[in-house]
Amino acid sequence: MSLFPEEQLDSSLGYFPAQPGQKLKGGKWTVTRKLGWGPRSSTWLVIDNDDQHRALKILTATATADPNAKNERHFVLEAVKAVPSGVPELLETFEEKDEQGRKHLCLLFRLFGPSVEDLRQGNVYEGKNLPVHIVQKVIGDISERLANLATKNIIHGAVTPDNFRFFAVQRGDDVRRALAKLPADKPVKIQGSDGISYPTVKSQPIPNNYTWETKADDIAYTEFTLANFAHARQTTAIALDTPKNIQPPEALTGGKIGLKSDVWTLGCTTYLLLTGKPLFDESYVASPLKVAEGTLGKLESLLTESGNIAEKDLASTAKFIRTCLAVKVKIRATALEVLEGGWITSGCACGWCG
């Protein structure tokens, strides 16, 4: 069992042990709090001398040394061309060295808000699901991002709720107001298995006013971005990095992985958000075609048993999920067909976002 509450700082992956007050890039950026972490990186709120607030993603030493480390930079820049306001904007990249002399690639983004996974996990007493109207909005916006990425032949490769991000305020005064009731977590020193004492900091995403109970009229006024292009591919791929129980059958049987692979993952994610549970268990990995066909055949029953789908929404919801999860790639919907299918909603209702 790890000694660390979040990323394992003493692991061979080589996480960057940042802490509030630390100066980076020759003193230009100051770390103020931790925003999140993942298997390849940690992300920090940083501020410069001009009061610009940004999100700095710091890759592990292992991820930095990977020959494909700069793929994320490439695909983020390509994605911005296809989806100008639908993905976090990458502003610059640079390298930092840790105390052991290991290099870490740093990607500086405009701020992004908490994830849809954070929102889902917030519904801890009701089953960690989200109501249909929120899921329709989330999946609608993400479908639009995928449809735009398809014009550049980009496979995102990780269409999961932790990569669906709320918009965040950007101006210094606005950020400070948002954080006023959430003081930055103070570092706690923990001695690793290697005998080194590391500063551990808990993640604190920039909060907003949205909860799993937010009404349809209110959720319509936000937009969800698609983040994390570390797993992106161009046109086709030979493997995916997502958990195997949400990978499409073609990824598990040696078939061709293409743009519609993202649509399959979108369908699995839709079910998870609606019910709080994954659609497929480990038995799917061993026999994907058989298990998928059997599970999809009883989809209405599964949705009903979850207790989260009203009868009036049952048929249309099941139809939408099946559209995403067609076992045969040829008849599986494209992202654009999903977007235009009628079940989902997308865009912002404010009238200004375009």
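What follows is calculated from the coordinates using simple rules that are stated; it is not laboratory data. What you see is a predicted model, and the numbers here were worked out from it, not measured in a lab. FYI the Cβ positions are ideal-geometry reconstructions off the backbone, even for glycines, and counts take in every protein chain you see.
Annotations
- Kirkwood Rh, angstrom, the stretch 285-335 [1 / mean 1/r, Cα pairs]: 11.8
- Using alpha carbons only, the radius of gyration of the stretch 83-185 set against its Kirkwood radius gives Rg/Rh = 1.03.
- Sorted by Cβ neighbour density within 10 Å, fewest at the top, the residues 174, 217, 118: 217, 174, 118
- Between residue 102 and residue 306, residue separation times 0.36 nm minus the direct Cα-Cα distance comes to 68.7 nm.
- Span-like helix criteria (full DSSP H runs; alpha carbon extent of at least 15 Å along the helix axis; mean Kyte-Doolittle hydropathy of at least 0.5) are satisfied in the chain by 132-150, 259-275.
- Derived from the Cα gyration tensor, the three semi-axes of the equivalent ellipsoid of the stretch 1-99 are 22, 19, 13 Å, largest first.
- Taking 0.36 nm per residue of sequence separation and removing the Cα-Cα distance, the residue 19/residue 314 pair yields an extension gain of 101.4 nm.
- Its convex hull of Cα atoms gives the stretch 237-342 a direction-averaged projected area, equal to a quarter of the hull surface, of 6.4 nm².
- Descending by average beta-carbon neighbour count within 10 Å, the peptides 323-334, 175-186 line up as 323-334, 175-186, the highest first.
- For the stretch 337-343, 3J(HN,Hα) per residue [Karplus equation, 6.51 cos²θ - 1.76 cosθ + 1.60, θ = phi - 60°, Hz, x = Gly/Pro]: 5, 4, 4, 9, x, x, 7
- Contour minus Cα-Cα distance for residue 241 and residue 330 (0.36 nm per residue): 29.8 nm
- Ascending count of other beta-carbon atoms within 10 Å, so fewest first, for 275, 270: 275, 270
- Of the GluC sites (Glu not before Pro) found in the stretch 140-249, no site is in coil according to DSSP while having at most 10 other Cβ atoms within 10 Å of its Cβ.
- For the chain, modelled as a GNM whose springs connect Cα atoms under 10 angstrom apart, the maximal fluctuation among 310, 82, 251 occurs at 310.
- Ranking of 77, 296, 259 by count of other Cβ atoms within 10 Å, fewest first: 77, 296, 259
- Ratio of the Cα radius of gyration of the stretch 117-250 to 2.2 N^0.38 Å, where N counts its residues: 1.30
- Shape box of the chain [Cα atoms, principal axes, largest first, Å]: 56, 44, 40
- Label-point separation in nm, residue 253 to residue 194, each point 7 Å along Cα→Cβ: 4.4
- Alpha-carbon radius of gyration plus Dmax, which is the widest Cα pair, for the stretch 180-234 in Å: 18.5, 53
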